[in-house]
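**Q** Sharing a structure below in structure tokens format, with a few things to ask.
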DNA sequence: CTGAAAGCGCTAACAC
DNA sequence: GTGTTAGCGCTTTCAG
């Protein structure tokens, strides 16, 4: 490919003039501008973006850290980010980590090596201290709350939402309530769920908490375990509508009616939940993603809380 | 941030030696290697990726062109791509186009400006001629079949799958069969569906084909129109399980039983279809995405057909 | 095994 | 208005 020097030579001008017309700078005579443009068109020239970014010290590209690449919840967040990034003419890189702290750090390092202007963390597998040291290389925004002034946050008050959901179940008269989580207690989301549970129900019998639930199948299996117990729960709060759907299937298989024999409430208002008319708490992850992107732009490191919504359908 | 020259000075060696240790080249004395490494660690130095890529003429980054960023089918494709890209230590950029040809061209231009080594086109809004001219700048692989030797293809035999689905319905005794598509006849997928329909049923009454269906709501509305007709269809082939789910809801609302009064078959084997036990034709889009990535690597421009599967559940 | 030097392709301060 | 030139930060011949 031709470079800017070739263009300059052919157009009979200097490289700066070429650069000026490429970047629409003023103070270029119309005649030269035309001349240069003609040569550019003739040679079908496109400026090398790497060279431009190298010198400009900016890539107009941000990364989105996600743990899995097959999880609806993270898709929703990503969609939110994409909604906004196209409007702002930014590119976005998807960075799956599988919750591997080392991999996550390598992603953050893309700020340091100048590949990325910012990164949005929809999940986190390192402690904040390790992460903070990267904030001097670019904008970091998290999809969870944190006090650190170097970090922007687009977050949901998960604790409140969990409390609400459990309260709802309690108000309906349930006392044997189980719940599932995606990960173990290394996850802050899991911790908050447990805390909220205890807040509402006091004790948490360990057998009422199952983790490592991600898919419909996981939900089915979890429900199997739960519903075969002697004092089986009368309500389950699932960590996602797909998981909830699996539970619903299982209950149906066992000839239990929902919500009479078993109440189910899911999360994230996903299609399968709508289809099965499952109640859900919608954390509005698309909005979270949109807000997260906006925060990478305005560099204020604001903390923005996104409201959640409980949607009551026929499973409670 | 320090650069390679700083490191060289502090370590008392030349920049080439520093470069050699960074890139694990042989022929560096252990003593110098250690010295350099110590300085690198001390200064917490990371090579600037833009500079490296600029000179190496390679970014280890590919782009995935998708039309919408809120469509499950394209999520599946993207997931497939990500599955493989992490294994190969490649980054991936998501490039939503909204089917805008100009935007699509700007994405392809990222090959020319050296930002991307390759791009996977899960959708296409330009004619092949416009696209082919970019293939000299990087690998282009399409998720549809094309003869062009410059293009790798990971594709499904959509025509065959449509024929199969319609045949299935015909075999079940349906003669009034309707179908929906995501777009109008500008889409090759729509064209193929129509062609397959005519192949099986001969005539296509225009009122049996509804387009612009994307979501569950779209499916609901489409079903409303279809089911309120005088000679209402006894079967509908939906262009996606979410759309099919909307139709299912509508049928239920009208007190029609599925499949007795209305057979429904969807596409892509999505959670909501599993939840509602809808029959579906699974085009295995995750595999398509995986294969597409593999094709960007091996540069053979092979044409790889991915088998589809029809999954019969209770809606047919 | 090591270093000097010539780039990669572009931008922008500076001088005219 | 326009051109000269010094970088941006790194890799890679080519000598030695």
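Every number in this text was worked out from the coordinates using simple rules, so none of it is lab data. Fair warning: this is a prediction, and the values are worked out from it, not measured in the lab. As a convention, Cβ positions derive from the backbone with ideal geometry for all residues, glycine included, and neighbour counts pool all protein chains shown.
**Q** How far is it, in nm, from the label point at residue A:88 to the one at residue A:16 when both lie 7 Å from their Cα along the line to the Cβ?
**A** 3.3 nm
**Q** I've got another one for you. Considering every residue in A:240-248, what mean count of other chain Cβ atoms within 10 Å of its Cβ is obtained?
**A** Partner-chain Cβ atoms within 10 Å, mean over residues of A:240-248: 2.
**Q** Next question, about the same structure. Quote the FRET efficiency, to the nearest 0.05, computed for residue A:100 versus residue B:25 with a Förster distance R0 of 30 Å and r equal to the Cβ-Cβ distance.
**A** With R0 = 30 Å, the Cβ-Cβ based efficiency is 0.60.
**Q** So in chain B, what percent of DSSP beta bridges are antiparallel if you round to the nearest 5?
**A** 10 percent
**Q** Okay, next question. Going by average Cβ neighbours within 10 Å, how do the peptides B:262-274, A:101-113 rank, with the highest at the top?
**A** Put in order of decreasing packing, that is B:262-274, A:101-113.
**Q** Turning to a different aspect of this structure: Quick one: with label points 7 Å out along Cα→Cβ, list the inter-copy distances for residue B:311 in nm, shortest first?
**A** For residue B:311, the other copies' label points sit at 2.2 nm, shortest first.
**Q** Another one. Across peptide B:43-56, what mean number of C-beta atoms from other chains lies inside 10 Å of a residue's C-beta?
**A** On the way: counts 0, 2, 1, 7, 3, 6, 11, 13, 6, 5, 7, 7, 1, 1.
Taking all residues of B:43-56 together, the mean is 5.
**Q** Here is a follow-up. Report the dimensions of the range B:186-316 along its three principal axes from the alpha-carbon atoms, largest first, rounded to Å.
**A** Result, largest extent first: 54, 33, 23 Å.
**Q** Also: Dividing the alpha-carbon radius of gyration of chain B by 2.2 N^0.38 Å (N being the number of residues), what value is obtained?
**A** Rg over 2.2 N^0.38 Å, computed on Cα atoms: 1.31.
**Q** Something else: State the antiparallel share, in %, of DSSP beta bridges confined to the range B:194-316, rounding to the nearest 5. It would help to have the intermediate numbers written out before the result.
**A** Numbers: 3 of 9 bridges.
If we restrict to bridges inside the range B:194-316, about 35 percent are antiparallel.
**Q** Determine, from the Cβ-Cβ distance of residue A:129 and residue B:311 and an R0 of 45 Å, the FRET efficiency 1/(1 + (r/R0)^6), rounded to the nearest 0.05.
**A** So the FRET efficiency works out to roughly 0.40.
**Q** As an exercise, use a Förster radius of 22 Å and the Cβ-Cβ distance of residue B:230 and residue B:189 to find the FRET efficiency, rounded to the nearest 0.05. If you can, show how the numbers build up before the last one.
**A** Numbers: r = 29 Å, r/R0 = 1.33.
Working from the Cβ atoms, E equals 0.15.
**Q** Roughly how crowded by other chains is peptide B:31-38, in terms of the mean Cβ count from those chains within 10 Å of each of its Cβ atoms?
**A** Taking the mean over all residues of the peptide, I get 0.
**Q** How big is the Cα convex hull of the range B:95-241 in projection, averaged over all directions, in nm²? Let's see the in-between values first.
**A** Working: hull surface 38.5 nm².
Computing the convex hull of the Cα atoms and averaging its projections yields 9.6 nm².
**Q** In addition: Using only alpha carbon pairs under 8 Å that are at least six residues apart, calculate the relative contact order of the range A:155-234 and give it in whole percent.
**A** 37 percent
**Q** Using a label point 7 Å beyond Cα on the Cα-Cβ vector, give me the inter-copy distances for residue A:225 in nanometres, one decimal, shortest first.
**A** 4.8
**Q** Oh, and also: Give, in nm to one decimal, the length gained when the segment between residue A:302 and residue A:170 is fully stretched (0.36 nm per residue of separation minus the Cα-Cα distance).
**A** 44.0 nm
**Q** I need two numbers for the range B:187-246: Rg to one decimal and Dmax as a whole number, Cα atoms only, in Å.
**A** Rg then Dmax for the range B:187-246, in Å: 11.5, 30.
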